[in-house]
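> Could you have a look at this structure, given as structure tokens, before my questions?
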């Protein structure tokens with residue numbers, strides 16, 4: 001029901017307004033229908049972009065900027081969703097993206113399917129709480145079975161990591177170059193991974209810096225064992241290339257600091273003026289002498305460098321870069337083994353970082369400084385190239401997804417075959433599990449199994465296959481114990497995906513099931529939507545100014 005307020009009357013029939021004027025309320029079935037429809041429509045938007053044959057979306061924002069992508073999280077972030085239930089779908093895709101980095105489209109499609117299947121139970125008068133309980137049990141059972149069928153791998157086995165990266169990239173715009181990109185991603189992550197005492201790995205994604213620049217092709221993308229700084233060398237007289245670089249990382253200004261308070265100097269004679277300026281120059285020269293005395297030939301400074309200091313640095317043959325971001329300074333310290341110093345007085349030889357080469361290069365229109373050839377860098381850069389800005393943007397998103405899936409595998413070395421095979425197997429096992437449950441919960445578990453099947457069926461549909469035929473074939477194959485049978489979208493047939501070398505991390509599959517179940521459960525439990533009325537601004541008086549004591 002929709003009303004201006006919740007109707008309530010006193011014993012004398014006098015109406016009582018509880019909500020403010022202009023508020024609306026949807027109750028019961030209608031509220032549930034609205035929420036399920038809104039959430040399902042969001043799933044419908046990203047549905048066609050699932051799988052290797054998925055389509056891309058072109059998103060144009062209010063400023064006319066164009067994004068072309070098939071990354072679920074990016075699509076939902078860019079579109080301005082208004083409905084509160086639809087916003088929850090956007091949130092789960094964001095959460096999945098930041099947690100495991102891949103599987104964002106699958107999460108939204110699965111959540112949409114769970115709600116769709118639940119609506120048929122609601123029509124049969126099954127209470128939402130029973131559906132939610134059934135879904136929770138089904139999700140716990142699915143994750144349990146998923147870990148049983150998972151293939152345990154060694155985290156430092158490069159072959160497996162390459163297969164994982166390649167599968168992630170196979171569904172993207174850059175799928176043709178997945179061989180080249182997956183090698184870069186795996187090399188980058190093995191380089192920055194920290195081995196723990198128990199043999200497991202810990203990976204901080206921030207140590208893999210992804211820079212992008214249009215120009216060349218995607219095959220020109222490369223891994224730099226060091227850091228690319230998007231700044232140029234500060235002075236024309238400085239060397240543009242330094243080999244066997246000894247790098248000073250300075251978090252202090254190479255300038256004369258101004259006093260905190262107003263200070264006046266009375267000068268009665270021009271020589272005093274000269275002495276004052278000479279003293280400034282001498283102090284700056286001292287700073288530069290200090291740097292060159294410890295053998296540094298590259299200075300990377302987070303703050304400013306005075307013109308006179310630049311002159312002395314150039315004279316000493318030192319390459320200098322200024323106003324570098326703090327995040328880049330930290331990455332440089334990890335890459336070069338240097339230490340960031342905050343006062344020049346304390347800088348010593350042991351604080352210097354090392355690299356084989358520091359060079360300024362022109363990339364497209366910009367000049368960037370490349371610090372590369374570090375011995376054992378714990379921070380690296382992937383420089384993404386491509387034919388145009390849109391292509392580079394999407395390539396960067398694809399590389400991020402691949403980086404995240406390899407990280408997931410390093411941290412939890414368990415994998416399953418992809419292409420809808422695990423979902424089909426879990427659906428098969430959940431149906432058997434449903435029969436062991438008493439009461440109406442078994443209906444919810446059966447619906448959960450049907451929802452899981454939507455993933456392989458959507459991959460098939462996007463590849464132009466007949467979903468009904470695929471459903472029958474998959475059910476038959478998994479009924480015969482063919483564990484890894486999924487949808488080979490490129491050959492448009494049902495096949496053994498283990499043999500096709502298509503693999504995904506268990507961590508991603510777990511996150512997809514958890515996020516989708518939680519979102520669907522939350523939406524199903526809502527039976528009342530109360531929307532506050534828009535607050536009206538008081539009319540302005542004719543004079544144009546607010547009346548005294550009026551609302552602001």
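> Rounded to a whole number of µm²/s, how large is the Stokes-Einstein D of segment 346-409 at 20 °C and 1.002 mPa s, given Rh as the Kirkwood radius over C-alpha pairs? Before the final figure, lay out each step's value.
On the way: Rh = 14.8 Å.
Estimated via Stokes-Einstein, D reaches 145 µm²/s.
> What distance in nm lies between label points placed 7 Å from Cα along the C-beta direction at residue 278 and residue 326?
4.0
> Separate question: If I fit a long axis through the Cα atoms of helix 128-149 and take the longest principal axis of the Cα atoms of the chain, what angle between them do I get, 0 to 90°, rounded to 10?
Between helix and principal axis, roughly 60 degrees.
> Still on this structure: Over segment 227-376, what is the relative contact order in whole percent, taking alpha-carbon pairs under 8 Å and six or more residues apart?
Relative contact order comes out at 40 percent.
> Just want to confirm a number: the relative contact order over the chain, from Cα pairs under 8 angstrom separated by 6+ residues, in percent.
On the way: 1070 pairs, mean separation 135.3, N = 552.
25 percent.
> Using the alpha-carbon centroid of each, what span in Å lies between segment 296-353 and segment 452-501?
Using only Cα atoms to place each centre, the spacing works out to 57 Å.
> In which sequence would 40, 200 go, from the one with the fewest C-beta neighbours within 10 Å to the one with the most?
Ordered by Cβ neighbours within 10 Å, fewest first: 200, 40.
> Compute the acute angle (0 to 90°) between the alpha-carbon long axis of helix 467-479 and the principal axis of greatest extent of the alpha-carbon atoms of the chain; round to the nearest 10°.
90
> Counting DSSP beta bridges with both partners in the chain, what percentage is antiparallel, nearest 5?
70
> Sticking with this structure for a sec: Compute log10 of I(q)/I(0) for the chain with the Debye formula, placing one identical point scatterer on every Cα and leaving out solvent, at q = 0.06, 0.11 Å⁻¹, to two decimals.
-0.45, -1.00
> Here is a further query. Taking Cα atoms, how many degrees apart are the long axis of helix 421-435 and the longest axis of the chain, rounded to 10 and kept between 0 and 90?
In the chain, helix 421-435 runs at an angle near 40 degrees to the longest axis.
> Relative to the present Cα-Cα distance, how much length would full extension add between residue 222 and residue 152 at 0.36 nm per residue of separation?
22.2 nm
> How many percent of the alpha carbon pairs in segment 227-376 exceed a separation of 22 Å?
Value for segment 227-376: 40 percent of Cα pairs lie more than 22 Å apart.
> In Å, the Kirkwood hydrodynamic radius of segment 198-248 over pairs of distinct alpha carbons?
After inverting the pairwise mean of 1/r, the radius is 15.0 Å.
> Next question, about the same structure. Explain nothing, just the number: relative contact order of segment 123-238, from Cα pairs under 8 Å at least 6 residues apart, as a whole percent. Walk me through the numbers before you get to the answer.
Values: 49 pairs, mean separation 19.9, N = 116.
That works out to 17 percent.
> What does the helix-only formula give at 222 nm for the chain: each DSSP H stretch with n ≥ 4 adding -39500 (n - 2.57), the total divided by the residues, and the result rounded to the nearest 500 deg cm²/dmol?
Value at 222 nm, helices only: -15000 deg cm²/dmol.
Since every read-out is calculated from the coordinates, none of them should be taken as a lab result. Please read these numbers as outputs of a predicted model, since none were measured by experiment. Heads up, the Cβs are rebuilt from the backbone with ideal geometry, glycines too, and the neighbour counts pull from every protein chain shown.
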